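This report refers to the structure that appears directly beneath it.
The values are calculated or read from the model by the stated rules, or taken from the named source; none is laboratory data. Computed from a predicted model, the values in this text were never measured in an experiment. Glycine also receives a Cβ, built like all others from the backbone with ideal geometry; neighbour counts cover every protein chain displayed. When the accessible area is computed, the model is the full protein with side chains, heavy atoms only, and any ligands, DNA or RNA have been set aside. Shrake-Rupley method; radii C 1.70, N 1.55, O 1.52, S 1.80 Å.
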Amino acid sequence: MPSAAHNLLIHLLISISTVGSTLSPSPSLTFLPSQTHAAAVDFGSTTHSLPLAVLLPSSPSQISSLILSALLSPPPPPQTSSLTLSALLSSPPLSVSPRGHGHSLHGQAGAPGGVVISMTGGGGRRRMSPPANSIAGNMYVDVWGGELWIDVLNWTLKNGGLAPRSWTDYLYLSVGGTLSNAGVSGQAFHHGPQISNVFELDVVTGKGELVTCSLAENAELFHAVLGGLGQFGIITRARIALEPAPQRVRWIRVLYSNFTSFTRDQERLISLHNQQRFDYIEGFVIAEEGLINNWRSSFFSPSNPPVTLSSIGGRQGAVLYCLELTKNYHHSSSDSIDEEVEALLRELDFIRGSVFTTDLAYVDFLDRVHKAELKLRAKGLWEVPHPWLNIFVPASRIEEFDRGVFRGILGNNTSGPILIYPMNKDRWDERSSVVLPDEDIFYLVALLRSVVPGSDDPSKTLEYLSDQNRKILEFSESAGIGAKQYLPSHRGPAEWERHFGPARWERFLRRKAEFDPSCLLGTGQSIFHPSSCPFSSFLSPT
């Protein structure tokens, strides 16, 4: 239950002008239960953090005004008891959190008792600026931070046949949301994550300042915000790198029974950087007989015959590994695509006879997960708890991870896709806030599992899957794997300090003190909170 002091503070925010402009209660700032309750849950559906209000910004200046209002102690309202006023003036500043499409997993975009900024709502979505040439000859598009990647793709394709270079597997995510984490998919081995494909940002800091930043201007803020988990500022504009979009995609899947061959082939493929390479490389684990055909469900038409373990030389109870590859091309080069793919596949050590291919438009490949979403929604299996776990694992320890997790802790119960694919660390900028393993090649292991409502199988429950996640993390820690969580979830500064390590934690604290010294932003991450902000004692009174 929010305190009377905070209730009063919220009402003061919409009734007085402490920063030169009055915030309107509607449509910009709303207390409607339909809005606040929607902002209290996310895709993970494992937490509930109810905000006092939701801001639907029409401009970056409204976001700045909100933060400045939250920072300043308002003047005493008339006919207010000294007790209530005393409580009000001694209350810490309200927490503020931006929310994109709500795809966080553990309430990271929440602001319990504070204000959530709905970046995809209100009038904040901007008409994108036409692509242009940067000073380095690279094309780009300027995008509102709350814009969804699917809309960016459709717009750039329509306006010049262009597309961003790096993606996430799911496109219905906000630009600011993925840039606040990293944004990875099967293109990251070559182009790097999405945060490596940004030229410039507009950011509203935790001090309410609207700042333009890039490699050349306000570089410390630029690096802090990219992968910064929303701790240093709110991205209101991003300048995204573009390239000419291919027209078609040859999509290939091959199967492995030997994990060493599977990872050796992946690491060899990501070392190829000339034109004779694949454009997208991902792998995933198949640990159940039923998943073999689920694996194919969004890949082939129903007319294709089913696949069984015995038909590809497998045995019951075996763990299989799938390598998923694409080669982009244009209609003008369609005559040579078969030869190029065949030459690349010839060097790989997969199960012969397990090559499955299809061909489709570029946009249809990028938007492939949305088709699966529509099927799950139709079955009532989309808006369920998603106890996902994403980990970066050093390449030198990936076989130990396979033995301990894929063929150990998980057994034959996966309850959803398990991705595993490598990336090159030299495609990442170490000045960003993202925490990576200390090796040149590391794997993303993503356990994208879902609770099945009403199932009689106890392994499909939230409790079981959450306990497996805990065991996986404990195994990684006790075995000294050196893994780091991606889209991390930790409890309190002590756990976060272990996550970052001493040097990165010191840099993180310095950046927090510089750009959000009152700890207003990103409280859903459970790193800092205004009520226990370590920098508050160094701030001068407002």
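Among the residues of region 215-230, those identified as open to solvent by 10 Å² or more (accessible area, probe 1.4 Å) and of a type in the set (A, V, I, L, M, F, W, C) are 215, 216, 219, 229. Residues satisfying the criterion are absent from region 22-42 (criterion: closer than 15 Å to residue 96 by Cα, open to solvent by less than 60 Å² (accessible area, probe 1.4 Å), modelled with pLDDT of 50 or more and over 31 Å from the mean Cα position of the chain (by Cα)). Is it true that residue 444 is over 24 Å from residue 320 (Cβ atoms) and hydrophobic (A, V, I, L, M, F, W, C)? So residue 444 fails the test.
Checked against the criteria, residue 388 does not count as within 20 Å of residue 105 (Cβ to Cβ) and in contact with an Asp or Glu (Cβ under 8 Å, 6 or more places away or on another chain). With the requirement that a residue be open to solvent by less than 20 Å² (accessible area, probe 1.4 Å), small (Gly, Ala, Ser) and either modelled with pLDDT under 95 or in contact with a Lys or Arg (Cβ under 8 Å, 6 or more places away or on another chain) (or both), what does region 238-258 give you? Scanning region 238-258 gives a single hit, 241.
Considering only residues in region 198-214 that are open to solvent by 10 Å² or more (accessible area, probe 1.4 Å) and touching a Lys or Arg at 6+ places or on another chain (Cβ under 9 Å), the one that is nearest to residue 182 (Cα to Cα) turns out to be 198.
The residues on offer are 527, 481, 472, and the sole one that is among the aliphatic types (A, V, I, L, M), over 21 Å from the mean Cα position of the chain (by Cα) and open to solvent by less than 20 Å² (accessible area, probe 1.4 Å) is 481. Set side by side, the residues 246, 193 differ, and just one is out of contact with any strand residue (DSSP E or B) (no Cβ under 6 Å at 6 or more places or on another chain) and in contact (Cβ under 8 Å) with a residue 12 or more places away in the chain, which is 193. For residues in region 447-460 being surrounded by fewer than 15 Cβ atoms within 10 Å (Cβ to Cβ) and not hydroxyl-bearing (Ser, Thr, Tyr), which is nearest to residue 179 (Cα to Cα)? That would be 453. For region 145-194, what are the residues that are open to solvent by less than 10 Å² (accessible area, probe 1.4 Å) and more than 16 Å from the chain's Cα centre (by Cα)? Across region 145-194, the qualifying residues are 152, 153, 156, 163, 164, 189.
Table: residues versus (1) touching a Cys at 6+ places or on another chain (Cβ under 9 Å); (2) modelled with pLDDT under 95; (3) more than 23 Å from residue 323 (Cβ to Cβ); (4) among the hydroxyl-bearing types (Ser, Thr, Tyr).
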position	(1), (2), (3), (4)
136	no, yes, yes, no
147	no, no, yes, no
158	no, yes, yes, no
163	no, no, yes, no
174	no, no, yes, yes
181	no, no, yes, no
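Does region 403-410 contain at least one residue that is modelled with pLDDT of 95 or more and under 21 Å from residue 186 (Cα atoms)? No, the conditions are met nowhere in region 403-410.
Checking the stated criteria, residue 216 turns out to be free of Cβ contacts under 8 Å to residues at least 60 places away in the same chain and in a loop (DSSP other than H, G, I, E, B). Return the residues of region 409-446 that are assigned to a helix (DSSP H, G or I) and open to solvent by less than 40 Å² (accessible area, probe 1.4 Å); say none if nothing qualifies. Across region 409-446, the qualifying residue is only 425.
Conditions (1) open to solvent by 50 Å² or more (accessible area, probe 1.4 Å); (2) of a type outside the set (D, E, K, R); (3) touching a His at 6+ places or on another chain (Cβ under 7 Å); (4) at pLDDT 95 or above, marked per residue:
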{"position": "263", "(1), (2), (3), (4)": "no, yes, no, yes"}
{"position": "271", "(1), (2), (3), (4)": "yes, yes, no, yes"}
{"position": "275", "(1), (2), (3), (4)": "yes, yes, no, no"}
{"position": "280", "(1), (2), (3), (4)": "no, yes, no, yes"}
{"position": "287", "(1), (2), (3), (4)": "no, yes, no, no"}
{"position": "299", "(1), (2), (3), (4)": "no, yes, no, no"}
{"position": "341", "(1), (2), (3), (4)": "no, yes, no, yes"}
{"position": "348", "(1), (2), (3), (4)": "no, yes, no, yes"}
